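As structure tokens, the structure follows; a few thoughts come after it.
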Amino acid sequence: MQDKHLSPLSFLPHYADIPVAMFLASFIADPIHLNGYQLGTVFVIITVIWDILAYRCFTYSIEDKQILIKKGVIFKKVIHIPYARIQSIEHSQFFLFKPFDVEKLQINNASKSGSHNQVVLSAVKTYVGAILEEKHKKYQNQAVVEEVVEHPEVEKINDKAEEEAIKDNDYAQYKISTKDIALYTFTSFRVFIKMLLIVHITNGAVLDFAISIYQKAFGSNMVSLIAFSIMVIIIALLLSFIYTMFQFYDFTLVKEGKYLEYEKGLFTRNKVRLSTDRIQSVLVEQNLMGKLLKIMTVKIIMASDGNDEESSQAVVLPILNSHKYTEMMNDFFEWIPLKTVEKFNSRKRSIWLFFRNFDWILLIIPIVIYFVGWTTLSDSLVVIGVFTFFYTLGNAYFKCRVTSIGLTGDTKDDYLVVSNGFLFKQRTYYVGWHEIQSMRFESSVFMKKNNLAHIVIRIRKGDSAQTAAVHYIDYNGAQKIYDWYRQ
Amino acid sequence: MKKLPESVKTVWLYSAIITIIVEIIIFTAATIGVKYLDWKYVSYIPPVLGTLLVLVALFDMISIPYRYAFHQYAIHEDRVEIKNGFIFREQATVPIARIQNVDIEQGPILRHKNLYKISIYTSADSHEIAAVTKEESENIKTQVMRLAMEARNAR
């Protein structure tokens, strides 16, 4: 296919440009004494013409070995992407596109030049996506075949191993249930973080509004205040549930041979299919609630051109029960050995160290009180201080409990299991030797005396790095891990 | 493990002195400027902040022999290693196969001493060797890139 244009439906997402143009016009018109509406109309016309020109100038060609994109109205740009370089193709279909059989394609080729080189075909017929997938698959396999020719002995072993793997794990599927979505919403603290954010961004206007409603409706005594707070939390949870429902509607994860494919969403349907060797790391998250209910979330970390949450990290198993953990991990990520041969935990002493590293801030409070004197402000300062004290103490204990680093063996094909905690959430990264970009070993003179060390590794995530660190582990253990990486 | 060339000490000394001079000029000007404004408390900010920054730069200057003594690097067949610090010890390892590109940079002070700064990029992060001589920089570049190509093709 040579120099094809996008589907005209690609104009649809540009509707947002029109209010922006109007807004801009009203902003500019006043100081230069022009009629806001007339200028607005001119701006809208310019925007529309620009959009049409951009549409006219954007073409894509699907060639034998590469996809070729030409774009740019004034500065022309030609982008070549060889199929072998493609990391993954992201399909997303807005529900209005569905009747026309049109979807948006985002092609990730993991360049490091930032998002301006991200390749997005904002509206194409679905068969284009199918063709691209086919070519991508073919070229990926071809790359493997070429390698095989070079090393005939290796090939046999690989083949055998692969055949076995395929027999065992050819196909696995996971479909989310409404109950799981509910669990996923209610066990995460995201709702409260979002609430805090909203209060923060609106400078408390939302809070004032809520309080005014409360005062009008209930008067002001303790019982009704508590009742009101609970009601607000329930409403927030419900809204969050509906939001998550839209996002994870009919979430399916399918593993087929060497490919992982997931699909989700109600209004915009997202579909990503990627080869399992493109996965940089598998991340298992479990917060305090999750620990109590014995459930966790599994994510994968990928290399992509964007740094947005969507393309660099994906939730693949939103809710996973502890007792199904081994089974599910074996079904979907069979290449990851779950058993660690060696494991080094955080030392007991680290509770104090984690605590110390955060809690020195509390010293400011007595100093302030000493200099300023005891005022009404000091009361609340002391309350905050006491709360922070216990919070950080708990956090330090949690961190010490969950921090550990393990190895699944001592060759280059083995995996490093890094587990750390932050704000009552445990994160466990499974990273292969080949996926670790660099490793740092840190220890100060004082730490060495106490036989302690840090290990910090870097993984590629999106177009930048994800740091995974374990602090205050056994010195010799850390040295062992470091030596494993240096082999 | 290799050490940096001796002349890097002079480079660091120059850059510390320049930093201190620039900071003193800026913060003296700011202190005088703020005096003419009638803000309570604000007039304390520039001198205090300035003193702190100058102290930091002074500490940097004094610690040059220490930093020099413990900044080391090594380029092996399969990995690059960089070591830093004695009291707070840091060692980093980057496998050659992970290296994406090597940048060689030279600022005015480095140019004066005919030295080069080397940045080694993986697809996720970067690592620096603060200063090497010209031949050494060429060596590192060719060696690392050759090894990186070999390592990648072998995989």
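The values are calculated or read from the model by the stated rules, or taken from the named source; none is laboratory data. Predicted model only: the values in this text are computed from it and were never measured. Don't worry about glycine lacking a Cβ; one is built from the backbone with ideal geometry, like all the others, and counts go over all protein chains shown.
For every residue, the table says whether it meets (1) in contact with an Asp or Glu (Cβ under 8 Å, 6 or more places away or on another chain); (2) at pLDDT 55 or above; (3) of a type in the set (Ser, Thr, Tyr).
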{"residue": "A:Arg85", "(1), (2), (3)": "no, yes, no"}
{"residue": "A:Lys112", "(1), (2), (3)": "yes, yes, no"}
{"residue": "A:Asn117", "(1), (2), (3)": "yes, yes, no"}
{"residue": "A:Lys137", "(1), (2), (3)": "no, yes, no"}
{"residue": "A:Ala143", "(1), (2), (3)": "no, no, no"}
{"residue": "A:Glu146", "(1), (2), (3)": "no, no, no"}
{"residue": "A:Glu153", "(1), (2), (3)": "no, no, no"}
{"residue": "A:Ile157", "(1), (2), (3)": "no, no, no"}
Inset, instruction - Give the residue, chosen from A:His80, A:His91, A:His33, that is at positive phi and not small (Gly, Ala, Ser). - result: A:His33
Inset, instruction - Scan the range A:403-446 for residues that are closer than 26 Å to A:Lys348 by Cβ and without any contact (Cβ under 8 Å) to a residue 40 or more places away in the chain and report the count. - result: 9
Inset, instruction - Using the structure shown, decide if A:Tyr325 is under 30 Å from A:Lys294 (Cα atoms) and of a type outside the set (S, T, N, Q). - result: yes
Inset, instruction - Would you please name the residue that is modelled with the lowest pLDDT, looking only at residues in the range B:96-155 that are polar (S, T, N, Q) and assigned to a helix (DSSP H, G or I)? - result: B:Asn153
Legend entry - Residue list for the range A:258-285, filter: closer than 22 Å to A:Asn109 by Cα and either assigned to a loop (DSSP other than H, G, I, E, B) or touching a Cys at 6+ places or on another chain (Cβ under 8 Å) (or both): A:Lys258
Inset, instruction - Would you tally the residues in the range A:446-467 being touching a Ser or Thr at 6+ places or on another chain (Cβ under 9 Å) and facing chain B (nearest Cβ under 8 Å)? - result: 7
Legend entry - Residue list for the range A:384-421, restricted to those being surrounded by fewer than 18 Cβ atoms within 10 Å (Cβ to Cβ) and under 24 Å from A:Glu342 (Cβ atoms): A:Arg401, A:Gly409, A:Asp410, A:Thr411, A:Lys412, A:Asp413, A:Asp414
Inset, instruction - Give the residue, chosen from A:Ser275, A:Ser322, that is assigned by TED's automatic domain parsing to the domain that holds A:Tyr429, among the polar types (S, T, N, Q) and over 20 Å from A:Asn420 (Cα atoms). - result: A:Ser275
Inset, instruction - Show the residue pairs that are 6+ apart or on different chains and have beta-carbon atoms under 7 Å apart, the first residue being within the range B:108-122 and within 14 Å of another protein chain (Cβ to nearest Cβ), the second being among the polar types (S, T, N, Q). - result: B:Ser119/B:Ser126; B:Ile120/B:Ser126; B:Tyr121/B:Gln100; B:Tyr121/B:Asn101; B:Thr122/A:Gln437; B:Thr122/A:Ser438; B:Thr122/B:Gln100
Inset, instruction - Could you please let me know if A:Glu310 is in contact with a Ser or Thr (Cβ under 6 Å, 6 or more places away or on another chain) and of a type outside the set (A, V, I, L, M, F, W, C)? - result: no
Inset, instruction - Give the residue that is farthest from the other protein chains (Cβ to nearest Cβ), with candidates limited to residues of the range A:468-484 that are over 24 Å from A:Glu285 (Cβ atoms) and free of Cβ contacts under 8 Å to residues at least 60 places away in the same chain. - result: A:Asn476
Inset, instruction - Would you mind stating whether A:Thr59 is in contact with a strand residue (DSSP E or B) (Cβ under 7 Å, 6 or more places away or on another chain), within 29 Å of A:Thr268 (Cβ to Cβ) and surrounded by 12 or more Cβ atoms within 10 Å (Cβ to Cβ)? - result: yes
Inset, instruction - Would you be able to say whether some residue in the range B:83-93 is within 30 Å of A:Lys412 (Cα to Cα), in contact (Cβ under 8 Å) with a residue 60 or more places away in the chain and assigned by TED's automatic domain parsing to the domain that holds B:Ile118? - result: yes
Legend entry - Considering residues of the range A:466-487 that are in contact with a helix residue (DSSP H, G or I) (Cβ under 8 Å, 6 or more places away or on another chain) and hydroxyl-bearing (Ser, Thr, Tyr) only, the residue nearest to A:Arg349 (Cα to Cα): A:Tyr472
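Without any contact (Cβ under 8 Å) to a residue 60 or more places away in the chain and farther than 25 Å from A:Met302 by Cβ: is that true of B:Ile140 in this structure?
For B:Ile140, the condition - without any contact (Cβ under 8 Å) to a residue 60 or more places away in the chain and farther than 25 Å from A:Met302 by Cβ - is not met.
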Inset, instruction - For the range B:18-28, indicate whether the set of residues that are within 24 Å of B:Lys134 (Cβ to Cβ) and in a strand (DSSP E or B) is non-empty. - result: no
Inset, instruction - Considering every residue within the range B:83-91, establish whether at least one is within 13 Å of chain A (Cβ to nearest Cβ), more than 13 Å from the chain's Cα centre (by Cα), loosely packed, with under 13 Cβ neighbours inside 10 Å and outside any strand (DSSP E or B). - result: yes
